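Written below as structure tokens is the structure these notes are about.
Just so it is clear, none of the values below were taken in a lab; they were calculated from the coordinates. Please read these numbers as outputs of a predicted model, since none were measured by experiment. Positions of Cβ are generated from backbone atoms using ideal geometry, with glycine treated the same way; all protein chains shown enter the neighbour counts.
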Amino acid sequence: MITADKPVLTLEDAKRVAAAAEAEAQRNGWGVVIAVVDDGGHLLYLQRSHDTQFGSVDTAIQKAHAAVAFKRPTKVSEDAVLSGRLIHLALPGVIPAEGGVPLEINGIIVGGLGISGVRSFQDGQIAAAGVAVLVQD
């Protein structure tokens, strides 16, 4: 059965989200990796500040993927672990660190954004700036 058209995260959308996230990082002097994945968790766009550790590349991708896979920000798992719910550490694909958020258009998850490179709450701050671009549309 064919249903109404589903919104799709385009490469142009991904670039706008990344640009907004990058602007927030630069305002604060933070070097980070920014990863945007589609609704299947596949990498759509990636950028890394020249001075950011390369270990953050995989972490940013995994945060974005986890946000789509679990349909919630990775901060939810971070908060759960910090409150003693350690089962989150055993769930496959969970990244218990802030900085991964689902991307939505018209209430439908179309992808995920992952930020890595600075402290967890700073990654989350940068991710919030990226998400705000899609909310404004």
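Summary table below
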read-out: Reciprocal of mean inverse Cα separation for region 1-75 (Kirkwood radius, Å); value: 13.4 Å
read-out: Under 5 Å, built H, 5+ apart or other chain: amide partners of Val32; value: Ser49
read-out: Simple Cβ-charge dipole of the chain, Lys/Arg +1 and Asp/Glu -1, about Cα centre, in debye nearest 20; value: 260 debye
read-out: Directionally averaged shadow of region 66-137, computed from the convex hull of its alpha-carbon atoms, nm²; value: 4.7 nm²
read-out: Ascending count of other beta-carbon atoms within 10 Å, so fewest first, for Thr59, Thr74; value: Thr59, Thr74
read-out: Candidate lysines for bridging to Lys75, where Cα separation is under 16 Å - those fewer than 8 sequence places away on the same chain excluded; value: Lys63
